[in-house]
Every structure is written in C-alpha cells, then in structure tokens.
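For reference, the structure is listed below as structure tokens.
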Amino acid sequence: MSHDHDHTEDHAHVHRYPPRPDQDDTLTYYRAMEAAVRELLIDKGVLTAEDVRRQVENMDGRNAGLGAKMVARAWIDSAYKQRMLANGSEAAEEIGLDVGPLKLVVVENTPTVHNVIVCTLCSCYPRMLLGLPPDWYKSRNYRSRVVREPRAVLAEFGTVIPDDVLIRVHDSTADMRYLVAPRRPQGTENWGEAELARLVTRDSMIGVALADPA
Amino acid sequence: MTNPDPLRAHHDMGGLPAGAVEPTEHDYALWEKRVDALMVLLGHKDRRLITVDELRRNIESLGPEAYDKMSYYERWIYAITQVLLQRGVITVDELGRKIEAIRARETQRG
Amino acid sequence: MVREAYPIGHVRTPYYIRGKHGVIERLCGAFPNPEELAYARSGQPAQPLYRVRFLQRDVWPDYAGQPLDVVEVEIYQHWLEAEEHAR
C-alpha cells in the first residue's frame, strides 16, 4: 500500500460491533474449509501467509473515512467536484485514495435528486472507499425492496425524502461501483475539510441517510 | 421466501416482496476477512485463478435453501473452493485430507 | 428496450428489468462478457456496457413513489434492442 497515511484510525468512521458469536473459536464446517483452502494454496506456492495477512490488514484499514474525505473535498472545491462527477476513480486517485481497478461513479444529491445504491443480484459495494458492507446491505429485504419501494425503505432508516425530490436508485449490476455524494449540511459555510468529512457518514454515501447535521 | 417463478433465479430478487430492513451489522470474524482476502488475492492480475463472475455463478448455483441459510462468507468460501476444484488448482482428495488434518489439529488443541 | 429473455446460466441483467423500456444515460466502456467469465473463458471480445435509466412507473405498474423516480441499471449491449422513437 502506497497510501498508508490515508488508513489511520478515523474514529468518526470506525464502528465496532460484536463479531458473530463463536465464529472465531468454533471450527465450523466452512471455517475449516477456509483454513484448508488457504493452507493448500500456501503449500502450493500460489500465495503466502504474508499475502493473506497483508490483504486482511489492507481491508481492515478501509472505512468510510476514505469516501468522506472525497465528498468533503468536493464540498469545498467545486472544480474538484466536477472532476469527481466526471470520473470518480481518477478523482479518488488525485487525492491519494487507492481504488485499485474499481470503476467508481459518484452520484450527487441535489435539492431535486436523491440517490441510493443497491446491488439486487449480489452485494456489489464501493468497498475500496467504504470498507466491507454492513449486513443489511447484503440482506434479502434490502436487495429486494429498495429497487421497488425506495421511499418506504429509506423511511425505515429514518430518511424521509420530500415528494418534490426525485429518487434515483442505482442497481450495481456490472462493472461500475457507486458512491453517493450527499448534500452539504447548512451552517457549515466556514468549516474545513477534515471537520466536514466527519459529517459524511457511511450510510449517507450509500444513500439511505443524509449527511449528519452541523 | 420461496420463489414461485421458475424463470427467475433465486439470487435475482429485485422487486420481490420482503420484510422490513433490519439495520444489523457485525464486525467480521478473522476467518471471514481471510475468505475475502483469498478472493482478492486469487483474482489479482498476477494470478487470475478466479473471476468474480465464477464466484457469483457458483454462489448462484446453491439451492435456494442453502443460499438463504448460509452466511455471506460461507457462500463465498464454498464458491471459491468450487472454482479451485473446477480449475484444477486443488483436488478433491487433497482438500479432504487437509480438512481432516485441520480437524485433528483442532481436537488435539482441545 | 431490454431483451425479454430468460436464459439458463450466469447473467447480470436483473429479471425485473427484462422487457422494459429505458434511455441510455451513458456508455460506461467495454468490459469482458460476464456470461463468459463465469465459465472461466476470456470474455473477449469486450462488450459495450451502458447505464440505462428507467422510469420506475414503467418498471412497476403499481409503483407507489413519485412519477419522476427512476432506477438505473448497467446493461451489456447484447441485452439491448434499439427502438425507433425516442421516449
């Protein structure tokens, strides 16, 4: 990783939830399968234990703070915002965020448009900028319903979209990944980029919430 | 949720009726993170031993019951293993023996 | 229009959007065909991939939201059929 400075602990964006019970100290059928496959691949020289450890660490370092940095930059720099909307991947790299081969499309919320992201077929997610997805994003209920009744699903998250704002649902079916740029909250006119980034929550970049208020 | 339409695959659920979205989350266990890492490493351009579409195809070929019952990374490790077998990267025999060895190790550890 | 087809095998065109009418929002580029990649083949030649925008009320007859709400889906060229008249 060439951008380790971007992966420092960011307390506004690191959430801690309990792991599934017993998953690390019980040798379930699938946990044994994981260990067996990993050890076979190491035995065969396909990859090394160090490769696995480093990749786990790389993903552990990714959280919504990365996406938030990008959104906050766009809030204070309109030229950057235009570049970000034109090519999300290039704009991420421009501020030192590594997105790998990801083709990122950033969609902007405006006074008349609200965007929300889903993957109805599996659970495609802008993981390079948000980390691994929350359970609900991968759930049958979210995947089935948000594409057909987005207003009702958003309301379940406490997000009520006015009738005069149109909703644009993005189903990530293929090679693009989507990130929502939420609207900048009122009362933040003189705020700096780091302060602003703390208002840009993960859920606001999925589109099930607005950015936190000032 | 059973799906009465034989033309619609079980994973292809957009628009089907379903319940309220429970805002659940959990921190991933280490073994789940390792499954994720294996997928990224095997798919890396230096190896190209799996594509994300092979992963998806094998997950989609799980029966509806298994698909719903298994957790996300259980489905992944199942599918990764299938692809490695299909491509001849590992064999059924060595996988079976390795799992036995791991179980024996775990039993000894108590 | 999205082809109304129900092939067996791995496809990335969701069931709910098949046979629906939309407008192309953008060309995303050309990507190896997932229907081939899924079976460990090369996926070449790369397929043009489009983002297609659909009015929700055209997708769901009973859509309960606002009339201008839309859903956007990425669809590979071989799943699309041109139509004479623009909407």
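The values are calculated or read from the model by the stated rules, or taken from the named source; none is laboratory data. Fair warning: this is a prediction, and the values are worked out from it, not measured in the lab. Every residue, glycine as well, gets a Cβ built from its backbone with ideal geometry; the counts of neighbours run over all protein chains shown. Heads up: the accessible areas ignore ligands, DNA and RNA and are worked out on the full protein's heavy atoms, side chains in. Shrake-Rupley method; radii C 1.70, N 1.55, O 1.52, S 1.80 Å.
Summary table below
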{"read-out": "Near pairs, Cβ below 6 angstrom, 6+ apart or cross-chain, from the range A:154-171 (within 16 Å of A:VAL113 (Cα to Cα)) to any residue that is among the acidic types (Asp, Glu) and part of a strand (DSSP E or B)", "value": "A:HIS170/C:GLU72"}
{"read-out": "Strands (runs of 3 or more DSSP E) fully within the range C:22-79 counting 3 or more residues that are surrounded by 18 or more Cβ atoms within 10 Å (Cβ to Cβ) and more than 7 Å from every other protein chain (Cβ to nearest Cβ)", "value": "C:47-55"}
{"read-out": "Search result, residues across the range B:66-82 that are more than 10 Å from chain A (Cβ to nearest Cβ) and surrounded by 21 or more Cβ atoms within 10 Å (Cβ to Cβ)", "value": "B:ALA79"}
{"read-out": "Inter-residue pairs, beta-carbon under 8 Å, first without any contact (Cβ under 8 Å) to a residue 60 or more places away in the chain and in the range A:175-186, second open to solvent by less than 50 Å² (accessible area, probe 1.4 Å), 6+ apart", "value": "A:PRO185/A:LEU199; A:PRO185/A:ALA211"}
{"read-out": "Near pairs, Cβ below 6 angstrom, 6+ apart or cross-chain, from the range A:124-147 (without any contact (Cβ under 8 Å) to a residue 12 or more places away in the chain and under 20 Å from A:ASP175 (Cα atoms)) to any residue that is among the aromatic types (Phe, Trp, Tyr) and surrounded by fewer than 24 Cβ atoms within 10 Å (Cβ to Cβ)", "value": "A:PRO133/A:TYR125"}
{"read-out": "Search result, residues across the range A:106-149 that are buried (at least 23 other Cβ atoms within 10 Å of the Cβ) and more than 18 Å from A:ARG202 (Cβ to Cβ)", "value": "A:THR120, A:LEU121, A:SER144, A:ARG145, A:VAL147, A:ARG148"}
